[in-house]
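Report on one structure; see the data block that follows.
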Amino acid sequence: MRSLVERADECGIRSMPVDARRLDGLSGNAPHQGVVALADEIARATSLDDVLDALPREVAPLLLILDGITDPHNLGACLRVADGAGVHAVVAPKDRAAGIGATVEKVASGAAETMPYITVTNLARTLRELKEREIRIVGTSDDATSSIYDVDLAGPVAWVLGTEGEGMRRLTRETCDTLASIPMEGSVESLNVSVASGVCLYETVRQRRAKR
């Protein structure tokens, strides 16, 4: 706590010692670990086109598309792994998606503030627009004949992941350019969506580094 207060002072942030009751009130009785910060709302990206247009020409876009992920814990974990893998934006449909809230922000461990999270009205149409930008749409499916290690991921890529069990919606699946599976060698049939995201995204990172 002393080191946190010193860091705040260095940044010109005023710290005020208060009792636990005041902290509980400020946080809405959410777990606060002894610190609550009052800050202006962060301006978030609202357009996928703006995110992509801002990328340097030599940078291959890398996107994570989440179809039907409504659990805020899963979304927060996906944002965290997406940030770690250098994803440029996470995209989700407006009607079947968890929004950015306190739980998502806590699980994301800072990635909710750095990772553009774009919600779209029509996901299939958005995928078609990405194709027009020559971004390859790769969906994950347990019954795909190719594994993620068989797919060329060195170029522009948008990974599409659905919920555990149900997977992607039919129209989303049909819009993908390629379907790939994550090899499962044990007794469980599938991975949590955030773990699956990490596996897919870091295979992309591996291939791109190998190409460079």
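Test Ala92 against the stated conditions and say whether it is touching a residue at least 24 places away in the same chain (Cβ under 8 Å) and surrounded by 23 or more Cβ atoms within 10 Å (Cβ to Cβ). Yes, satisfied. Can you find a residue that is out of contact with any Cys (no Cβ under 7 Å at 6 or more places or on another chain), of a type in the set (Phe, Trp, Tyr) and not in a helix (DSSP H, G or I) anywhere in region 140-159? No, every residue in region 140-159 fails to be out of contact with any Cys (no Cβ under 7 Å at 6 or more places or on another chain), of a type in the set (Phe, Trp, Tyr) and not in a helix (DSSP H, G or I). If you go through region 160-184 one residue at a time, how many are in a helix (DSSP H, G or I) and either among the aliphatic types (A, V, I, L, M) or at pLDDT below 90 (or both)? The total comes to 1. Are there any pairs, at least 6 apart or on different chains, whose C-beta atoms fall under 9 Å, with the first in region 6-24 and surrounded by 11 or more Cβ atoms within 10 Å (Cβ to Cβ) and the second acidic (Asp, Glu), and if so, which? Once the first residue is surrounded by 11 or more Cβ atoms within 10 Å (Cβ to Cβ) and sits in region 6-24, its partners that are acidic (Asp, Glu) give Ser15/Asp9.
Scanning region 123-136 for residues that are assigned to a loop (DSSP other than H, G, I, E, B) and without any contact (Cβ under 8 Å) to a residue 24 or more places away in the chain yields a single hit, Glu134. Cβ-Cβ distances below 6 Å connect the following pairs, each with a first residue in region 144-164 that is open to solvent by less than 50 Å² (accessible area, probe 1.4 Å), a second residue that is of a type in the set (D, E, K, R) and in a strand (DSSP E or B), and a separation of six or more residues or different chains: Val157/Arg136; Gly162/Asp67.
Being over 16 Å from Pro93 (Cα atoms) and under 18 Å from the mean Cα position of the chain (by Cα) is true for just one of Leu123, Leu179, Leu191, Leu127. Which residue is that? Steps first, answer last, please.
Details: Leu123 fails: over 16 Å from Pro93 (Cα atoms); Leu179 fails: under 18 Å from the mean Cα position of the chain (by Cα); Leu127 fails: over 16 Å from Pro93 (Cα atoms).
Result of the check over Leu123, Leu179, Leu191, Leu127: Leu191.
Val59 meets all of the listed conditions (1) surrounded by 14 or more Cβ atoms within 10 Å (Cβ to Cβ); (2) within 20 Å of Val157 (Cα to Cα) but one, namely (1).
Among the residues of region 98-124, the one identified as more than 18 Å from Ala82 (Cα to Cα), in contact with a helix residue (DSSP H, G or I) (Cβ under 9 Å, 6 or more places away or on another chain) and open to solvent by 70 Å² or more (accessible area, probe 1.4 Å) is Ala102. Identify all residues within region 34-54 that are open to solvent by 40 Å² or more (accessible area, probe 1.4 Å) and modelled with pLDDT of 85 or more; write none if there are none. Selection gives Val35, Val36, Ala37, Leu38, Asp49, Asp50, Asp53, Ala54. Scanning region 64-89 for residues that are open to solvent by less than 20 Å² (accessible area, probe 1.4 Å), assigned to a loop (DSSP other than H, G, I, E, B) and of a type outside the set (A, V, I, L, M) gives a single hit, Gly68. Filtered by the rule that a residue be touching a residue at least 40 places away in the same chain (Cβ under 8 Å) and in a loop (DSSP other than H, G, I, E, B), region 185-199 gives Glu189, Ser190, Asn192.
Return the residues of region 182-206 that are in contact with a helix residue (DSSP H, G or I) (Cβ under 9 Å, 6 or more places away or on another chain), polar (S, T, N, Q) and surrounded by fewer than 17 Cβ atoms within 10 Å (Cβ to Cβ); say none if nothing qualifies. So that I can check it myself, show each step before the final result.
Start the filter on region 182-206 by keeping residues that are in contact with a helix residue (DSSP H, G or I) (Cβ under 9 Å, 6 or more places away or on another chain), which leaves 182-183, 190-195, 197-205.
If we keep only those that are polar (S, T, N, Q) as well, we get 190, 192, 194, 197, 204.
Matches in region 182-206: Ser190, Asn192.
Where helices (runs of 4 or more DSSP H) sit wholly within region 1-63, those with at least 1 residues that are closer than 22 Å to Asp83 by Cβ and of a type in the set (Asp, Glu) occupy 48-53.
Results for (1) within 30 Å of Glu185 (Cβ to Cβ); (2) among the hydrophobic types (A, V, I, L, M, F, W, C), shown as yes or no for each residue.
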residue	(1), (2)
Thr119	no, no
Leu127	no, yes
Ser141	yes, no
Asp152	yes, no
Trp159	yes, yes
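When the test is whether a residue is more than 20 Å from Gly76 (Cα to Cα), at pLDDT below 95 and among the charged types (D, E, K, R), Glu189 passes it.
The values are calculated or read from the model by the stated rules, or taken from the named source; none is laboratory data. Remember, it's a predicted structure, so these values are computed and weren't measured experimentally. Glycine also receives a Cβ, built like all others from the backbone with ideal geometry; neighbour counts cover every protein chain displayed. Quick note on the areas: whole protein, heavy atoms, side chains included, nothing else; ligands and nucleic acids left out. Shrake-Rupley method; radii C 1.70, N 1.55, O 1.52, S 1.80 Å.
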